[in-house]
1. By count of other Cβ within 10 Å, fewest leading, how are 44, 16 ordered?
2. Fewest to most neighbouring Cβ within 10 Å: what's the order for 45, 18?
3. Put a dot 7 Å past each Cα toward the Cβ at residue 16 and residue 67; how far apart are the dots in nm?
4. So how much slack lies between residue 49 and residue 27, counting 0.36 nm per residue of separation and subtracting their Cα-Cα distance, in nm?
5. Over the range 16-66, what is the relative contact order in whole percent, taking alpha-carbon pairs under 8 Å and six or more residues apart?
């Protein structure tokens, strides 16, 4: 997709995206990006690197959150 095409593409609402940057994921679940980074370092949260950006998939975020459900 060209830069021009990306600029004209409709923005997908945050809750409907397949993946989020760490800051976006943190905002979505109500924690700090540092908490997500710590979870990643402990091996609790899977992340993907695409180019120079780190992303958390929606699936990985839900899986991580489910650890805390009683």
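Laboratory data are not the source of any read-out in this text; all were calculated from the coordinates shown. Keep in mind it's a predicted model, so treat the numbers as computed, not measured. With ideal geometry, Cβ positions are generated from the backbone for all residues, glycine too; neighbour counts draw on all protein chains shown.
1. Details: 44 13, 16 7.
With the sparsest Cβ surroundings first, the list reads 16, 44.
2. Details: 45 22, 18 9.
The fewest-first ordering by Cβ neighbours comes to 18, 45.
3. 3.0
4. Working: separation 22, 0.36 × 22 = 7.92 nm, distance 1.93 nm.
Here the segment from residue 49 to residue 27 would lengthen by 6.0 nm.
5. Values: 53 pairs, mean separation 20.3, N = 51.
Over the range 16-66, the number comes to 40 percent.
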